[in-house]
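Reading through the structure tokens given below for one structure.
The values are calculated or read from the model by the stated rules, or taken from the named source; none is laboratory data. All values reported here derive from a predicted model rather than from experimental measurement. Heads up, the Cβs are rebuilt from the backbone with ideal geometry, glycines too, and the neighbour counts pull from every protein chain shown. Remember, those area values only see protein heavy atoms, side chains included, never the ligands or the DNA or RNA. Shrake-Rupley method; radii C 1.70, N 1.55, O 1.52, S 1.80 Å.
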Amino acid sequence: MDIMLLLLALLPGCLCAVTVTVPPTVEVEFGHEAVFTCKPTFRGTPKYSLEWSYTDQEGQRTRIATYTDGKTSVSPGTPFTSRAAMRSDNSLIINDIRVKDENEFTCRVSAGTEGTGEDSTQLKVFVSPSSPELSVNNQVLSITEPIAAEVGTCISRNSYPAPTIEWYRNQAPLNAGTEKTADLYASSRTTTEASGLFTVSSTLFLKPTKADIDAQFSCKIVFPLPGGATSHMESKEFALSLHYYTENVKLIVLPNQPLKEGDRVTLQCEADGNPAPTYLLQKKKVDGSVDDLNPSSNGSYVFQNVAREDAGTYTCEALDFDSPEDIELKKEIDVEIHYLNPLSLIPSGQVRPSVGDDVPLTCIGDGSERPDLVWKKGNVLLSSSNRHRLRNLTYTDSGVYTCEATVPSVPGLRKEERVTIIVEGPPELGPESESVEVPSEGHMLTLSCSATGYPEPEISWHPAELKPSQTVSGTGVRSEVAVKVTSKLINDISCTAKNTLGSKEKKFKLNILSMVAPSTPPSQEQSGGSSTAIIAVVVCVLLLLLVVALFYFLQKKGKLACGRSEKQPLSQDPASAELAVELKSEKRNEQHGLLSSRGGGGGGGGPAAEC
């Protein structure tokens, strides 16, 4: 139309010099606002008037709004009266777009002597559909049917324009055509609702195969959007219920590894028929007869704690009478159960050798396969064979010895047996030192005494008033006492360990450091004696010096006669003279009596000197 107007304008004498431009289409989503633009072009700058109108489905044109002398107005009595408006740039605005608004809209411009021009645009309305509705045929479909069967129907409601419906299997398009075939096609139907929106339904017809047993089907609704774009909505997935006869039978054993006594073992019978057939599970006997087992509906039979007696040949038969006669529906499998017999130990139980003895250990074992035998004490490997010899036993050799049997080719197949060795003997004292140094007398000291032996030794202390605390660990006993060091205890503390097989004693020697010379530290008792002797000597010396000083003082004062005392004058004191005469007389009498007792007058010469 623009080209026609341009050609008319170029013709000589033509008065149509007005050109109007509008977009070819206006695309709007349902309920949104539509904007129609109109751009007139003139030779000069004349006054003009503008009119917007629409053409309905019957071809009748109706004015919507006008622009004249700088004023705009909306025409009454149209479907757009309450929703339309004009802008200053001559654009027509219509709010709340509906499906029935989809018409042709025309902009007409009159410019007086310049002429008249117009152009039209088409309104396109878009409505997105609601979520797809899916109905599935839940009947069992047979793969032996010669024609395609109805699988399901997908429905799209309330959309505009009408969408398309596609079918998918495992997320891949099925490309179902509309032409009816024996294998695959889709039948579609479109309905226009009173609102002007479309409802579209599509029904899928398919001839299923065994490959469809685990297939997931779905439908997808594809619908247009403004601007030439598209979007889609997917339904939930669904599976088919298929019926087909059994062609293959399997019998498997779980777990798929060497089996051993005590395992939980499952015999699983499987067939590819649907619905699953009934299973017959049997065990063949040596005499040719069979034992019937009672499998579950899914064909499984469980041994909760399988035993060696469960080994043998098992058969599974699928009972499907729809299968052709030439199809083999029976399978069999051989089940092997590994085991170990109880171990035999020499010696066994509890053994009580004496300290220094030798004890040979022997382990004998067998089973479905020859086992590997080892000897252990705790987690320590002693021997990688079935024999081990304990030599020159000590108390530390007491304990539990284990023979362990394993079969490397059968993980988890294991047996063990234990023998307890109890080494007996008299007590043996621990390594505690017998000589103990203490800083001073009165110091608190803790002494310990340990012993090993079996039967368990008892530890006693001397002196008996000591109060020990005792702990026991295996064949070892440890006893401790707290003592206050005195000179009486330095060589008088001992401990004795005793059991029914003997006893041993340890004597402790205490060295008191503070009372001993640095070069030769003496014992506590000697140090105490030396100190007492020194004090006694000092006292005696002092007393002797006092006596000597007294005699010396008396002599200097003349109160002590010495030598020829009868010729020396006495003190002028009468009392002193009288005392001196008396002492002198008594002294002479004592000497005279002494001489007389020695033999009378055999001595000869005058009076003896006195002092």
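Among the candidates Gly349, Gly378, the residue that is on the phi > 0 side of the Ramachandran plot, without any contact (Cβ under 8 Å) to a residue 40 or more places away in the chain and under 42 Å from the mean Cα position of the chain (by Cα) is uniquely Gly378. Condition check: assigned to a strand (DSSP E or B), open to solvent by less than 30 Å² (accessible area, probe 1.4 Å), β-branched (Val, Ile, Thr) and farther than 30 Å from Ala239 by Cβ. Does Thr121 satisfy that? In short, yes. The set of residues from the stretch 137-157 being of a type in the set (Val, Ile, Thr) and surrounded by 16 or more Cβ atoms within 10 Å (Cβ to Cβ) comprises Ile143, Val151, Thr153, Ile155.
Quick test for you: out of Ala497, Ala482, pick the one residue that is small (Gly, Ala, Ser) and out of contact with any Gly (no Cβ under 9 Å at 6 or more places or on another chain).
Numbers: Ala497 fails: out of contact with any Gly (no Cβ under 9 Å at 6 or more places or on another chain).
Step by step, each of Ala497, Ala482 is checked, and only Ala482 is small (Gly, Ala, Ser) and out of contact with any Gly (no Cβ under 9 Å at 6 or more places or on another chain).
One residue alone among Ser235, Ser195, Ser241 is touching a helix residue (DSSP H, G or I) at 6+ places or on another chain (Cβ under 8 Å) and of a type outside the set (A, V, I, L, M, F, W, C), and that residue is Ser195. Each residue in the stretch 291-331 was checked for being closer than 18 Å to Asn274 by Cβ and acidic (Asp, Glu), and 3 pass.
Could you tell me whether any residue of the stretch 67-83 is open to solvent by less than 40 Å² (accessible area, probe 1.4 Å) and touching a Leu at 6+ places or on another chain (Cβ under 6 Å)?
Of all residues in the stretch 67-83, those open to solvent by less than 40 Å² (accessible area, probe 1.4 Å) come to 75, 78, 80, 83.
Subsequent filtering for residues that are touching a Leu at 6+ places or on another chain (Cβ under 6 Å) retains none.
For the stretch 67-83, residues open to solvent by less than 40 Å² (accessible area, probe 1.4 Å) and touching a Leu at 6+ places or on another chain (Cβ under 6 Å): absent.
From the set of residues in the stretch 38-56 that are assigned to a loop (DSSP other than H, G, I, E, B) and under 22 Å from Gly112 (Cα atoms), which is most open to solvent (accessible area, probe 1.4 Å)?
Filtering the stretch 38-56 for residues assigned to a loop (DSSP other than H, G, I, E, B) gives 38, 42-48, 56.
From what is left, the residues that are under 22 Å from Gly112 (Cα atoms) are 38, 42-48.
On the way: Cys38: 5, Phe42: 50, Arg43: 165, Gly44: 33, Thr45: 139, Pro46: 36, Lys47: 182, Tyr48: 63 Å².
Only one residue fits best here, namely Lys47.
Taking the residues in the stretch 378-403 that are in contact with a Pro (Cβ under 9 Å, 6 or more places away or on another chain) and part of a strand (DSSP E or B) as candidates, determine which candidate is nearest to Arg414 (Cα to Cα). My answer is Arg387. If I filter the stretch 418-444 down to residues being among the aliphatic types (A, V, I, L, M) and within 21 Å of Val359 (Cβ to Cβ), which single residue comes out as surrounded by the most Cβ atoms within 10 Å (Cβ to Cβ)? It comes out as Val423. Of the residues in the stretch 328-337, at least one is touching a strand residue (DSSP E or B) at 6+ places or on another chain (Cβ under 6 Å), open to solvent by 40 Å² or more (accessible area, probe 1.4 Å) and among the aliphatic types (A, V, I, L, M).
Could you list, in sequence order, the residues of the stretch 216-243 that are part of a strand (DSSP E or B), among the hydroxyl-bearing types (Ser, Thr, Tyr) and surrounded by 12 or more Cβ atoms within 10 Å (Cβ to Cβ)? If you could, list the steps in order and put the result at the bottom.
As a first pass, look at the stretch 216-243 and keep what is part of a strand (DSSP E or B): 217-224, 230-234, 238, 242-243.
Within this subset, residues satisfying the condition of being among the hydroxyl-bearing types (Ser, Thr, Tyr) are 218, 230-231.
Correct list: Ser218, Ser231.
Listed conditions (1) surrounded by fewer than 15 Cβ atoms within 10 Å (Cβ to Cβ); (2) within 30 Å of Val302 (Cα to Cα) are all met by Lys415, apart from (1).
The sole residue among Asp291, Asp322, Asp334 that is more than 18 Å from Arg264 (Cβ to Cβ), in a loop (DSSP other than H, G, I, E, B) and not hydroxyl-bearing (Ser, Thr, Tyr) is Asp322. Take Pro132 and decide whether it is of a type outside the set (Ser, Thr, Tyr), in contact with an Asp or Glu (Cβ under 8 Å, 6 or more places away or on another chain), under 23 Å from Phe223 (Cα atoms) and loosely packed, with under 15 Cβ neighbours inside 10 Å. Considered against the rule, which asks whether it is of a type outside the set (Ser, Thr, Tyr), in contact with an Asp or Glu (Cβ under 8 Å, 6 or more places away or on another chain), under 23 Å from Phe223 (Cα atoms) and loosely packed, with under 15 Cβ neighbours inside 10 Å, Pro132 comes out as no. Reported count of residues in the stretch 273-296, each being modelled with pLDDT under 90 and under 45 Å from the mean Cα position of the chain (by Cα), is 4. Here Pro277 meets each of (1) within 30 Å of Phe217 (Cβ to Cβ); (2) touching a Gly at 6+ places or on another chain (Cβ under 8 Å); (3) touching a residue at least 40 places away in the same chain (Cβ under 8 Å) with one exception, condition (2). When Val410 is tested against (1) part of a loop (DSSP other than H, G, I, E, B); (2) touching a strand residue (DSSP E or B) at 6+ places or on another chain (Cβ under 6 Å); (3) farther than 30 Å from Pro255 by Cα, exactly one condition is not met: (3).
Report, by residue number, each residue of the stretch 191-215 that is of a type in the set (Val, Ile, Thr), at pLDDT below 95 and surrounded by 13 or more Cβ atoms within 10 Å (Cβ to Cβ). Answer for the stretch 191-215, where residues must be of a type in the set (Val, Ile, Thr), at pLDDT below 95 and surrounded by 13 or more Cβ atoms within 10 Å (Cβ to Cβ): just Ile213. If you filter the stretch 355-386 down to residues that are farther than 25 Å from Pro258 by Cβ and of a type in the set (A, V, I, L, M, F, W, C), you find that the one that is most open to solvent (accessible area, probe 1.4 Å) is Val380. Just a yes or no: is a residue in the stretch 411-423 farther than 30 Å from Arg370 by Cβ and out of contact with any Cys (no Cβ under 9 Å at 6 or more places or on another chain)? Checking the stretch 411-423: at least one residue is farther than 30 Å from Arg370 by Cβ and out of contact with any Cys (no Cβ under 9 Å at 6 or more places or on another chain).
Candidates are the residues of the stretch 387-397 that are modelled with pLDDT of 95 or more and open to solvent by 50 Å² or more (accessible area, probe 1.4 Å); the one that is farthest from Pro360 (Cα to Cα) is Asn392. Contact annotation: residue pairs with Cβ atoms under 7 Å, 6 or more positions apart or on different chains, pairing a residue in the stretch 193-218 that is at positive phi with a partner that is assigned to a strand (DSSP E or B), are Gly196/Tyr160.
Considering only the stretch 246-264, I want to know if a residue exists there that is in contact with a helix residue (DSSP H, G or I) (Cβ under 7 Å, 6 or more places away or on another chain) and part of a loop (DSSP other than H, G, I, E, B). Let's see the steps before the verdict.
Going residue by residue through the stretch 246-264, those that are in contact with a helix residue (DSSP H, G or I) (Cβ under 7 Å, 6 or more places away or on another chain) are 261.
Now narrow it down to the ones that are part of a loop (DSSP other than H, G, I, E, B): 261.
Yes, there is a match, as at least one residue in the stretch 246-264 is in contact with a helix residue (DSSP H, G or I) (Cβ under 7 Å, 6 or more places away or on another chain) and part of a loop (DSSP other than H, G, I, E, B).
Of the residues contained in the stretch 158-179, one or more are found to be of a type in the set (Val, Ile, Thr), free of Cβ contacts under 8 Å to residues at least 40 places away in the same chain, surrounded by fewer than 12 Cβ atoms within 10 Å (Cβ to Cβ) and in contact with a strand residue (DSSP E or B) (Cβ under 9 Å, 6 or more places away or on another chain).
When Pro255 is tested against (1) closer than 30 Å to Val407 by Cβ; (2) touching a Phe, Trp or Tyr at 6+ places or on another chain (Cβ under 9 Å); (3) free of Cβ contacts under 8 Å to residues at least 40 places away in the same chain, exactly one condition is not met: (2).
Tell me, yes or no, whether the stretch 93-111 has at least one residue that is within 30 Å of Phe42 (Cβ to Cβ), open to solvent by 20 Å² or more (accessible area, probe 1.4 Å) and hydroxyl-bearing (Ser, Thr, Tyr). Working first, answer last.
First pass over the stretch 93-111, keeping only residues within 30 Å of Phe42 (Cβ to Cβ): 93-94, 103-111.
Imposing the further condition that a residue be open to solvent by 20 Å² or more (accessible area, probe 1.4 Å) reduces the set to 104, 108, 110.
From what's left, hydroxyl-bearing (Ser, Thr, Tyr): 110.
Looking through the stretch 93-111, at least one residue is within 30 Å of Phe42 (Cβ to Cβ), open to solvent by 20 Å² or more (accessible area, probe 1.4 Å) and hydroxyl-bearing (Ser, Thr, Tyr).
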